[in-house]
Amino acid sequence: MNVSRSNDNAFTRMGRGVSRRFLPLLLFCLFPLFSWAAGERVLFISSYHPGFPTFFQQVEGLRSEVEPAGITLDVEFMDTKRFSGTGYEALFLEQLRFKLAKIPAYDAFIVADDAALRFALDHRQELFAGRPLIFCGVNNQELAHELSGTPDITGVIESISMRETLEALWRLRPGLKTVHALVDGEPGGQGDLRTYLEQREFFAGKNLQVLGLYDMTWNELQGRLSVLGPDEAILLLSAYRDRDQVSRSFEDALEFILKHANVPVLHLWEHGLGQGILGGRIISHREQGRIAGQLTLKILAGTPAHLIPVVEGSEANRYVFDHAVLTRFGIRESLLPRGSEVRGKPVSIFSQYGAEILVAIVVLGVQMILVGALINHISRLRRAQARIKDSEMRYRALFDANSDGILAADVATRRFVFANPAVCRMFGYSEEDFQTLSVDDIHPPECLEEVMDNFRAQASGQKDTAEELPCLRRDRSVFSADIRSFLLDFHGTACAVGLFRDVTERSRILDTLRQTQERLSLAIAGSNDGIWDWDRVSDQVYFSPRWKEIIGYEDHELTNDLEEWRSRIHPEDRERVLSVNNQFFTSGASHFVIEYRLLHKDGAYRWIMGRGTCLRDKDGVPYRMAGSHADITERKAMELELVNVRDAALAASVAKSAFLANMSHEIRTPLNGMMGMLQLLDSSSLSGEQKDYVRMAELSGRRLTALLSDILDISRIEAGKLVLTERAFDLEEMRASIITLFSLPARKKGISLDVELAPDLPSSLVGDDLRLRQILFNLVGNAIKFTGEGFVHTQISLLSCLPDNGCRLLFCVSDSGEGISDELLPTIFEPFVQGEGSYVRCHQGAGLGLAIVGRLMHMMGGALAIDSSDSGSTICFSMNFRIPEDAKKTDVKRVRPEESGRRNLSILLAEDDPVNMFAAQRILAKAGHAVTPASDGGQALELLRGAEFDLILMDVQMPVMDGLEATAAIRADKTIGDKSRIPIVAMTAYAMSGDQERFLAGGMDGYIAKPLDSTTLHETIFRVVSRKNEKQKALGADVLTGSDARATDPTEA
């Protein structure tokens, strides 16, 4: 079955037929006096009859190519769809033989579809001998490919898109189970059936069936169609004759199929669209005809047909679907393949009444042509006048818009004839004023002789330019002008036309340039630097006398040679210097600075600072370089001395950090005992006054602990030992920690405390959350400390998005406190700087908090700003973070021990200090826990082997076996079974930055710094034990479901 365009209603088809068939004849009859030269002629033989849907599309495609080339196209119809058999073919042969004998010979023959191609091949020698044969719409691909390269034969194959159509069908109907190919015994249909059956291998698992009309009658087909279900579809290949040779036209067959089958019907050709066909990847016969027309033009232009390969026809196919059928079966247009055309959508008035409008346009066009013939001469005259006027306007516009002044003077009288606006502005006269002036009036009297000499020379054509002649403005001021001139005949008068350009500014610039050159020369001489210049094109180099003097030579003693410079570079520096030069050549940088050593005349090396820049061509390649050399030998000696001093200072800083770390441990150990006893006292039966004493002592202890932490942090930062650690963290959790930590002191002072997260923030980030938390805690704590009433407000927002999944956040901490004085602002981030005098102090602190903030900000690449007044302060800082690939918006819910309940635990406590042991035992016992003491790591290991415990609290520094060694031994001990995974919490006086990470990396599950805080201790125990229980529940669920258990806690990794 061949391809066709979808038909509209009968009236529209009639209108289009009239416009296509009779409009050329109508125009021909309207212009009988026109004479058309006879050109080349081509005969088009169609396999079918004029009413067959593919014919007009093929003819449209052919005409789009051959008619613009002036080729006459005649048509013959074989009518094989309605008549067949050898007898009928003989009648057609006789008729065609008769016609060809009566008319002039055709230059080429075009045949459409298989029947016409077979006919042409059978009778080629008789009818078409020596003439090129071009075919299109041919389904027999094997025959078409065999003809490729045959003398005088080429064409385009009609190739169906079977596989693409089936793929589209299953995409549109995912629940489809069966596709039925409807086909009769026609040769073309049988060829398509073979292609269809070949798809079974590609669509393995899909049910591709055949409805063979050649094996059934139309009535039997009706029965088969009526039982098709919603999960089936029809692919219409060919349906013209049934088993009893009862024929139907395509339209009748399609109407029959759609009437009895309530399923989607697809088609590989264009006809049927708009009549109930769903669509598919269809063949465009217009494109087939257009390609055949192109091939014909190539052959008639002289290209032998056998040198033109047969064209594959699949490129002309496209996806086309019917809007009404898509709607009927509930198929969304978004499911259609990319580039699909959907027909049948609501159309414009022109689309609906195109034939009527076309007829009206033709009638109107004829009338306009008749009228146009009458006014043609007048139009030509008007166009000529318009061109003249346009030309005058263009030249006038150029004359008026020219930035150079234009003056024309009569050669004989020297009076001005015309002037443009630019020269009027230049001299201050109007155009009318110039007509009353002469050349003598626009130059100073003392220069007239020189001016007249130039005017006569230019008027006689001896010269065309006078440079920097003095000119006189209307206000009698003088300026310099370049004057270029030429002779012009203006209405019969010989005129000298002068182009004036004010060069006053140019003269000023040249003068400035001269002064700049002098200034540069003086600056170079004053800088005491040597100058070098390298032309990379010619490879010539220049070294100034001072350049040579720096390395001990007179100007004449050293040649200007590039190799001379290279040979004097210190061997240790040579590779680096040449590498920097090469990188500068290729990097596109504007300048470079490098320090290296050059050999002096006395045999020693001098340190040189080389600076340079370059000029680059359009490709970015330097073609000239220049720069300076400065002797920095003395500076280098000073730098070496400074390095030695710095190394000594660093060594002292390291020793100081080690001392501070040891002192921190030694102070925290007894402080832990003291704080523990105070917490025990606070939980005992004391009077109100006694409880106040205990709490004040606890507060002093916490201040001492915070002071120790600040001293250690500032020491570690200054020693360069603080290492930033990046990991994923949650902003909502950080917000909750700020509220939790500072809500109580804020409430006590009656201050409003809130932390606001912008809605466009990512839920999680990657960065050093511990240091970010430390910065925020310091800033919020300071704000609460220095705010007597009002508010402390923290706002976190997204500042910008960065490449590679990065972002920059803005943090602002605002308060309504007393503000920061202008005197303190420059030094507020220095260590030990405080906001009050030495003796009159309202607030406590060592002045280290903001110093740590400033140092951390610098390390983390942040930027910080302060806005302060009497009514409060705002400290803002910005910092870069990365966004995890799997970041999602999640609500973080912090579970506290009191929210979920807690149980009494059996705890193994490893602690060598008796006071700390006693304090921890009593705190744990008061919470209901059973505590077993161990004085070192080895004893803890032995006790664990002999008893069951829920948790180990492990001191780190102990005799015999320290806490890390004991943890490693427990984790590696296979003899104790599941006990090797018991939760272990470090309870230690090691509280320097990095200690917590080191202990967790050593196998511990949690960390508590001494001195202990009972609330923190209980929360840490609860968190670690809860995490273990959650993992055990997950493991049990995995065992029940048969899945492979995996560690989900980050600390296990």
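No value in this document is a laboratory result; all are computed from the given coordinates. Since the structure is predicted, the reported quantities are computational estimates derived from the model, not experimental observations. Cβ coordinates were reconstructed from backbone atoms using ideal geometry, including for glycine residues, and neighbour counts include every protein chain displayed.
Expressed per residue, the C-alpha convex hull volume of segment 593-688 stands at 264 Å³. As a proxy for reagent exposure, ranking 495, 876, 136 by other Cβ atoms within 10 Å from fewest up yields 876, 495, 136. Taking each of 81/298; 177/345; 81/177; 926/1010; 691/785 in turn, the alpha-carbon distance tops 26 angstrom for 81/298; 177/345; 81/177.
The order of 858, 600, going from fewest to most other C-beta atoms within 10 Å of their C-beta, is 858, 600. Each Cα pair under 8 Å and six or more residues apart adds its separation to the average, and for segment 41-157 the resulting relative contact order is 27 percent. Quick note on segment 404-509: its Rg to Rh ratio, both from C-alpha atoms and Rh being the Kirkwood radius, is 0.93.
Using C-alpha pairs under 8 Å with a sequence gap of at least 6, the mean separation divided by the residue count of segment 521-638 gives a relative contact order of 28 percent. Relative contact order of segment 404-509, taken over Cα pairs closer than 8 Å and 6 or more residues apart, is 28 percent. What shape does segment 41-157 have by the C-alpha gyration tensor, where a ≥ b ≥ c are the square roots of the eigenvalues, rounded means a/c under 1.5, and otherwise prolate means a/b greater than b/c and oblate the rest? Rounded, because the longest to shortest axis ratio a/c is under 1.5.
Among 635, 387, 1023, the order by Cβ neighbours within 10 angstrom, fewest to most, reads 387, 635, 1023. Where the alpha-carbon atoms of segment 521-638 are placed on the principal axes, they occupy 43, 30, 26 Å, in descending order.
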